[in-house]
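First the structure, in the form of structure tokens, and then the observations on it.
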Amino acid sequence: MITTRWIDVPATAHGRAARLAVHVTGKPMGSAPLAVLIHGYPLDHRMWLDLLHGPLAQQRTLAAIDLRGHGSSPGSGDPVHTMELLASDVAAVIRSLADGAADVIGLSMGGYAAFALWAQAPWLVRSLVLANTRAVADDEQARAGRDAAIATVIAQGRRAIADAMIGKLLAKNADAALIARVFTMVESLPVESIVADLRGLKARPDRQALLKGITAPSLVIAGEHDPIATPAESSAMAQAIPNARFAVLPGCAHLTPMEAPELFAGEVARLWAH
Ligand code: MLT
């Protein structure tokens with residue numbers, strides 16, 4: 001069973017106060033290590049549902065966060081969701097639900113936030129799964145793309161963002177039910193959150209220098225056909241992290257935990273077994 005916990009985050013140097021919904025399942029709190037799952041853009045905790053209902057729930061207390069302004073978490077009015085702001089929210093969740101560190105799983109924007117968390121408070125990270133994510137910052141073309149996406153969502157609404165992204169998020173042969181799940185998430189995300197995310201994604205720093213200092217046991221996961229975080233780039237990122245394992249999930253694009261939840265869970269279980 002999944003229960004929702006509410007965590008109040010005070011204002012910090014990174015942003016305003018917020019109320020976060022955290023969806024918890026698996027081993028009873030305190031009886032096993034905590035694992036936090038950080039979703040990507042423009043999504044929410046529902047992208048992790050297959051994992052929450054899978055075998056990892058036998059090993060950990062699983063906590064899937066709705067970042068501020070996503071899923072059940074109300075927006076905070078912050079005009080930019082910097083990765084540092086999102087990371088300080090994740091840190092507040094870990095402090096509230098665990099005695100010490102947590103296993104951290106971040107996908108794409110969630111991975112960028114995980115890098116920021118490592119930079120802010122590495123002692124809160126027991127192990128790190130970096131799925132379909134990138135250490136590099138946006139280049140000029142990508143930053144222009146963020147501005148174009150902001151203009152699109154303001155002028156045309158969320159459906160236009162979903163239409164533009166679906167072919168990158170899921171592999172070509174994705175079934176209709178999976179496509180519908182992704183559309184449901186994107187179309188329930190407030191426009192202000194999409195805009196604040198895009199500004200934060202555009203402003204995120206390059207994290208390549210951080211990689212060699214990541215000492216937590218790590219796993220980098222790529223999707224064979226991911227056009228956003230390509231397997232080649234993910235492999236180079238894994239090589240730069242001491243003792244990171246690298247896995248490419250066949251047939252997947254960007255949303256590997258939705259496209260191949262069993263393979264994804266198997267890789268995470270192997271990381272946790274060490
Ligand atoms: C995500 O899935 O979080 C986004 O694709 C990240 C990005 O656009 O850089």
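The values are calculated or read from the model by the stated rules, or taken from the named source; none is laboratory data. No experiment lies behind these values; they were computed from the predicted model shown. Please note: Cβ atoms are built from the backbone with ideal geometry, for glycine as well, and neighbour counts cover all protein chains shown. Accessible surface is based on the protein model in full, side chains and every heavy atom, while ligands, DNA and RNA are left aside. Shrake-Rupley method; radii C 1.70, N 1.55, O 1.52, S 1.80 Å.
Scanning the stretch 23-45 for residues that are within 14 Å of the ligand (Cβ to nearest atom) and not in a strand (DSSP E or B) yields His39, Gly40, Tyr41, Pro42, Leu43, Asp44, His45. Does the stretch 99-111 contain at least one residue that is within 16 Å of the ligand (Cβ to nearest atom) and over 25 Å from Thr215 (Cβ atoms)? The answer is no; no qualifying residue exists.
The C-beta contact set for the stretch 99-115 (first residue under 16 Å from Leu51 (Cα atoms), second residue away from the ligand (no atom under 16 Å from the Cβ) and among the aromatic types (Phe, Trp, Tyr), distance under 7 angstrom, 6+ apart or interchain) comprises Asp103/Trp272. Among the conditions (1) more than 14 Å from the ligand (Cβ to nearest atom); (2) out of contact with any Pro (no Cβ under 6 Å at 6 or more places or on another chain), Ala142 misses just one, which is (1). Within the stretch 179-196, not a single residue is among the charged types (D, E, K, R), within 14 Å of the ligand (Cβ to nearest atom), modelled with pLDDT of 95 or more and under 29 Å from Ala162 (Cα atoms). Does Gly71 qualify as being open to solvent by less than 50 Å² (accessible area, probe 1.4 Å), in a loop (DSSP other than H, G, I, E, B), in contact with a strand residue (DSSP E or B) (Cβ under 7 Å, 6 or more places away or on another chain) and within 20 Å of Leu255 (Cβ to Cβ)? Yes; evaluated as a whole, the condition is true for this residue. Is it the case that the stretch 253-266 has a residue that's at pLDDT 95 or above, touching a Phe, Trp or Tyr at 6+ places or on another chain (Cβ under 9 Å) and polar (S, T, N, Q)? So far as the stretch 253-266 goes, yes, one or more of its residues are at pLDDT 95 or above, touching a Phe, Trp or Tyr at 6+ places or on another chain (Cβ under 9 Å) and polar (S, T, N, Q). Would you be able to say whether some residue in the stretch 232-241 is open to solvent by less than 60 Å² (accessible area, probe 1.4 Å) and assigned to a loop (DSSP other than H, G, I, E, B)? So far as the stretch 232-241 goes, yes, one or more of its residues are open to solvent by less than 60 Å² (accessible area, probe 1.4 Å) and assigned to a loop (DSSP other than H, G, I, E, B). Looking at the stretch 46-61, can you tell me whether even one residue there is out of contact with any helix residue (DSSP H, G or I) (no Cβ under 6 Å at 6 or more places or on another chain), in a strand (DSSP E or B), at pLDDT 95 or above and crowded, with 20+ Cβ neighbours inside 10 Å? Yes.
Results for (1) open to solvent by less than 20 Å² (accessible area, probe 1.4 Å); (2) touching a strand residue (DSSP E or B) at 6+ places or on another chain (Cβ under 6 Å); (3) farther than 24 Å from Ala21 by Cβ; (4) more than 12 Å from the ligand (Cβ to nearest atom), shown as yes or no for each residue.
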| position | (1), (2), (3), (4) |
| --- | --- |
| Ala119 | no, no, yes, yes |
| Leu124 | yes, no, no, yes |
| Ala131 | yes, yes, no, no |
| Asp138 | yes, no, yes, no |
| Asp147 | no, no, yes, yes |
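The single condition among (1) without any contact (Cβ under 8 Å) to a residue 60 or more places away in the chain; (2) closer than 22 Å to Pro261 by Cα; (3) part of a helix (DSSP H, G or I); (4) of a type outside the set (Phe, Trp, Tyr) that Arg245 does not meet is (3). Taking the criterion of being in a loop (DSSP other than H, G, I, E, B) and open to solvent by less than 70 Å² (accessible area, probe 1.4 Å), the only residue of the stretch 12-22 that qualifies is Ala17.
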